Amino acid sequence: MSFLLHQGAQVMCTHGGQANPTMTSLRVKFGGQGATTLAHTYTIAGCPFTTPEPAPKPCTTVQWTTPATRVLIESQPALLSTSSGTTIGPLGTQGTPQVVMQQTRVRGQ
């Protein structure tokens with residue numbers, strides 16, 4: 001079962017950094033928190049990823065690739081708890097974001 005993502009959903013990069021949307025829907029809310037869509041950018045904070053080089057190479061953003069196919073929010077496909085994507089950093093693609101916790105009332109496909 002897939003649930004729609006909103007601003008309060010806990011999304012993390014594979015290294016443990018916290019991903020949050022920079023904006024959410026102003027019109028559609030779940031539990032008082034704005035819904036997120038494919039058009040909304042997620043930025044990542046606190047990614048500890050490093051390479052053998054001395055400089056860290058943290059994940060910085062999430063690029064979602066599979067949003068909802070039947071649910072649109074403000075003409076954009078909604079993001080689901082089962083949506084997949086990739087995390088992007090200085091090295092390019094660095095992993096897959098993981099939805100750890102989400103609201104459990106509004107479902108979608």
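The values are calculated or read from the model by the stated rules, or taken from the named source; none is laboratory data. Just so it is clear, the model here is predicted, and its values are computed rather than measured. Backbone-built Cβ (ideal geometry, glycine too); neighbour counts: all protein chains shown. Quick note on the areas: whole protein, heavy atoms, side chains included, nothing else; ligands and nucleic acids left out. Shrake-Rupley method; radii C 1.70, N 1.55, O 1.52, S 1.80 Å.
Summary table below
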item: Shape box of the range 40-95 [Cα atoms, principal axes, largest first, Å]; result: 45, 16, 15
item: Separation in nanometres of the label points that stand 7 Å from Cα toward Cβ, at Gln63 and Ala45; result: 2.4 nm
item: ³J(HN,Hα) computed for each position of the range 74-86 - Karplus, 6.51 cos²θ - 1.76 cosθ + 1.60, integer Hz, glycine/proline x; result: 6, 6, 10, x, 6, 8, 10, 5, 9, 5, 10, x, 9
item: Residue (of Cys13, Leu72, Thr82) at the positive-pole extreme of the chain, dipole from beta-carbon charges; result: Leu72
item: Per residue solvent-accessible surface (Å²) - the chain, probe of 1.4 Å; result: 55 Å²
item: Extended-chain gain in nm, criterion 0.36 nm per residue less alpha-carbon gap, Arg70 and Gln98; result: 7.9 nm
item: Estimated inter-spin distance, Gln33 and Met1, nm [label 7 Å along Cα→Cβ]; result: 1.8 nm
item: GNM top mover of Thr43, Thr51, Thr86 - the chain, alpha-carbon springs below 10 Å; result: Thr51
item: Nearest-0.05 FRET efficiency for Ala55 and Leu26, computed from C-beta distance (R0 41 Å); result: 0.60
item: Within the accessible area of the chain (1.4 Å probe), percent carbon and sulfur; result: 52 percent
item: Distance histogram for the chain (every C-alpha pair counted, 5 angstrom bins, percent rounded to whole numbers); result: 2, 14, 24, 24, 16, 10, 5, 3, 1, 0
